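S.K.: This is the structure, below, for whatever I ask next.
The values are calculated or read from the model by the stated rules, or taken from the named source; none is laboratory data. What you see is a predicted model, and the numbers here were worked out from it, not measured in a lab. Positions of Cβ are backbone-derived with ideal geometry, glycine not excepted, and every protein chain shown enters the neighbour counts. All accessible areas refer to the heavy atoms of the entire protein, side chains included, with ligands and DNA or RNA removed. Shrake-Rupley method; radii C 1.70, N 1.55, O 1.52, S 1.80 Å.
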Protein chains: 2
Amino acid sequence: MARTEETVLTAQREFRDQLLRHGLLISTGVPGLYGRSGEFEDTVQRIDGFVAAHGAGDHPEVMRFPPIIDRSLFERSGYLKSFPQLAGSVHSFEGDERKHRELLQAVEQGRDWSTELPHAGVVLTPAACYPVYPLFAGALPAGGRLVDVMSYCFRHEPSDDSGRMQMFRMHEHVRAADPESTVSWREAWIGRSERLTIALGLDARSEVASDPFFGRGGKLLAVNQREERLKLEIVTPIGSDEQPTAIISLNYHRDHFAHIFGIRTADGEVAHTACVGFGLERMALALYRQHGFDRTTWPPSVREMLGL
Amino acid sequence: MARTEETVLTAQREFRDQLLRHGLLISTGVPGLYGRSGEFEDTVQRIDGFVAAHGAGDHPEVMRFPPIIDRSLFERSGYLKSFPQLAGSVHSFEGDERKHRELLQAVEQGRDWSTELPHAGVVLTPAACYPVYPLFAGALPAGGRLVDVMSYCFRHEPSDDSGRMQMFRMHEHVRAADPESTVSWREAWIGRSERLTIALGLDARSEVASDPFFGRGGKLLAVNQREERLKLEIVTPIGSDEQPTAIISLNYHRDHFAHIFGIRTADGEVAHTACVGFGLERMALALYRQHGFDRTTWPPSVREMLGL
């Protein structure tokens, strides 16, 4: 392991331990799965409201979804091509009393009781915007559509970095329109996002980024994504100063979802889509990291922004 | 199918269709899995605050957990003995590029791509209180402990009844103490729950209830649970008038969780536990059912209670 990587891991573990000691996060025994204290949750809720308010002037349609989605929609989305390692498939017991006795025997003997469970027709939501694209199917109204969503999301990546949780909340604004409107909408959010992080007193910068695509083929996809600036991120220190973490992600999908779900503009052209996602726990963690564990001592301007 | 059962199913489907037509719920194609409109979500949030306020005078510790829990804790809880059919086990892909190609081939050919996925060490949360009991392990402080939790919960029971969702939110107050204090705490919540439903103008009544235990052995457990009045419910019409639905559940576990997780009173005795759970979506649905789909026409006293 390289020296820098070691330093980063040590810093991340130290910060996580501090969060646990201050009672802001609660250990569950599973890496990347934490309970939240009342105060931490309150901070997340305030950030959620702050983020929603920044997009409210655009009058988005507000929707909320539980953190599971239709399995067939998930298959169509292409997620399994790019990020199979992060997905969470849900499985349930179906069977009679004999099967049930076998299940309980497996539990008792410490064997895996879940190997034969059939899938339950749903998977955990990988990003808050996934339930939205199928709803755009068909011809969009003139001017396109804009949706505000927020939900818990799942990513199977157990980690000691508090900034990399297995379940976390993402607030997103999702746009579907003609290519030009979609691009300029994302451009507007770059400026907004920078102002938003400045208002929160965070030491942040924007950069061109790529997704953690699976495998060797994934490396090419990542290079292409960077070259075409399809993914931009606002990053800020959370677990370590050396390796800042994305708190806002601005993604331009071109016609990827429009092709899959049959989304057309009012003129009948293939639509384009884009989304801006805010990592709510990450933003809260960045505030504790950079302004201290005692919320009453945060800069007055930041406290005012969050209504504290 | 008996005549009454048919009438109930027809009424439930009719009410669900009305909710979809009014745009309060959004279809996802999966039975029992819905998006929520901005207004419906707002109603749920107001009920959540209303429920929390009713218990705030007891100064509970506030905790919030994501909707997955540690698989080993889930095994120990005994849930698989009683309700295997409702559980949701989470599975993730692990493998190399060859395995990934096989996975994608299965998707392409419409075969099940998830049969060989290993479990991910977590399961979906079956009730909001499950992450709390292990935290009580050891000796309780004098007077015991009281926790306020709220989370999305999963139950694998696809249904056309909007009052029976696969994912829904439950707000709970969880008590661990000596047997006498635990029993009297639950007693106090029976009165509170009745006052709370009256304040919301709901046509509700309390009754002795039982859980949907699995199999023939489960029938005996249910009889025992009723005889000992371990589960009380406040029920009110949601999908049909003939068959009211539980919106509040008051459960006394005796020493079940205390034995499993080693919870003792300050005096070293085995503790008892109890919980009171509020079904937030169900309460919202009951309000729309009984006061109408237009929230502005709800009774003034109800609107005032919810800050509308």
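S.K.: Restricting to region B:118-142, and then to whatever is in contact (Cβ under 8 Å) with a residue 60 or more places away in the chain, more than 11 Å from every other protein chain (Cβ to nearest Cβ) and in a loop (DSSP other than H, G, I, E, B), can you tell me which residue is most open to solvent (accessible area, probe 1.4 Å)?
M.R.: B:142
S.K.: Output yes when any residue across region A:106-117 is acidic (Asp, Glu), surrounded by fewer than 23 Cβ atoms within 10 Å (Cβ to Cβ) and farther than 30 Å from residue B:124 by Cα, and no when none is.
M.R.: no
S.K.: Hey, another quick one. Take the conditions within 12 Å of another protein chain (Cβ to nearest Cβ) and at pLDDT below 95 and apply them to residue B:115. Does it pass?
M.R.: Judged against the criteria, residue B:115 is a match.
S.K.: If you go through region A:177-200, how many residues are touching a residue at least 60 places away in the same chain (Cβ under 8 Å) and either open to solvent by 40 Å² or more (accessible area, probe 1.4 Å) or of a type in the set (D, E, K, R) (or both)?
M.R.: Residues in region A:177-200 being touching a residue at least 60 places away in the same chain (Cβ under 8 Å) and either open to solvent by 40 Å² or more (accessible area, probe 1.4 Å) or of a type in the set (D, E, K, R) (or both): 5 in total.
S.K.: Being basic (Lys, Arg) and within 19 Å of residue A:156 (Cβ to Cβ), is that true of even one residue in region A:59-74?
M.R.: yes
S.K.: Residues that are under 30 Å from residue B:239 (Cβ atoms): find the helices (runs of 4 or more DSSP H) completely inside region B:5-105 holding 3 or more of those. Quick ask: steps written out before the conclusion?
M.R.: Values: elements: B:38-56, B:71-77, B:79-82.
In region B:5-105, B:38-56, B:79-82 are the helices (runs of 4 or more DSSP H) which contain 3 or more residues that are under 30 Å from residue B:239 (Cβ atoms).
S.K.: Does residue B:136 count as among the aromatic types (Phe, Trp, Tyr), within 19 Å of the chain's Cα centre (by Cα) and closer than 29 Å to residue B:58 by Cα?
M.R.: Criteria not met by residue B:136.
S.K.: Being under 14 Å from residue A:275 (Cα atoms) and either touching a Phe, Trp or Tyr at 6+ places or on another chain (Cβ under 7 Å) or without any contact (Cβ under 8 Å) to a residue 12 or more places away in the chain (or both): is that true of residue A:169 here?
M.R.: Considered against the rule, which asks whether it is under 14 Å from residue A:275 (Cα atoms) and either touching a Phe, Trp or Tyr at 6+ places or on another chain (Cβ under 7 Å) or without any contact (Cβ under 8 Å) to a residue 12 or more places away in the chain (or both), residue A:169 comes out as no.
S.K.: Mind checking which residues of region A:1-19 are surrounded by fewer than 14 Cβ atoms within 10 Å (Cβ to Cβ) and either at pLDDT below 95 or within 14 Å of chain B (Cβ to nearest Cβ) (or both)? Full working, then the answer.
M.R.: We begin by selecting, within region A:1-19, every residue surrounded by fewer than 14 Cβ atoms within 10 Å (Cβ to Cβ); these are A:1-6, A:10, A:14.
The answer is A:1, A:2, A:3, A:4, A:5, A:6.
S.K.: Every residue in region A:41-69 that is in contact with a Phe, Trp or Tyr (Cβ under 9 Å, 6 or more places away or on another chain) and within 8 Å of chain B (Cβ to nearest Cβ), please.
M.R.: Hits for region A:41-69 are A:64, A:65, A:66, A:67, A:68, A:69.
S.K.: How many residues are free of Cβ contacts under 8 Å to residues at least 60 places away in the same chain, more than 7 Å from chain B (Cβ to nearest Cβ) and more than 13 Å from residue B:100 (Cα to Cα) if we restrict to region A:74-93?
M.R.: Counting residues in region A:74-93 that are free of Cβ contacts under 8 Å to residues at least 60 places away in the same chain, more than 7 Å from chain B (Cβ to nearest Cβ) and more than 13 Å from residue B:100 (Cα to Cα) gives 1.
S.K.: Among the residues of region A:20-40 satisfying the criterion of being charged (D, E, K, R) and open to solvent by 20 Å² or more (accessible area, probe 1.4 Å), which is nearest to residue A:169 (Cα to Cα)?
M.R.: A:39
S.K.: Further, regarding this structure: Quick test of your reading of the structure: residue A:152 fulfils all but one of (1) open to solvent by 20 Å² or more (accessible area, probe 1.4 Å); (2) within 13 Å of chain B (Cβ to nearest Cβ); (3) in a loop (DSSP other than H, G, I, E, B). Name the failing condition by number.
M.R.: (3)
S.K.: Hey, could you check region A:157-168 for residues that are buried (at least 24 other Cβ atoms within 10 Å of the Cβ) and not aliphatic (A, V, I, L, M) and say which is nearest to the other protein chains (Cβ to nearest Cβ)?
M.R.: The selected residue is A:166.
So that you can scan it fast, the table gives a plain yes or no per residue for (1) closer than 12 Å to residue B:252 by Cα; (2) within 14 Å of the chain's Cα centre (by Cα):
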residue	(1), (2)
B:159	no, no
B:167	no, yes
B:175	yes, no
B:185	yes, no
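Residue-wise test of (1) without any contact (Cβ under 8 Å) to a residue 40 or more places away in the chain; (2) within 21 Å of the chain's Cα centre (by Cα); (3) open to solvent by 20 Å² or more (accessible area, probe 1.4 Å).
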residue: B:233; (1), (2), (3): yes, yes, yes
residue: B:253; (1), (2), (3): yes, yes, yes
residue: B:262; (1), (2), (3): no, no, yes
residue: B:267; (1), (2), (3): no, no, yes
residue: B:285; (1), (2), (3): no, yes, no
residue: B:292; (1), (2), (3): yes, no, yes
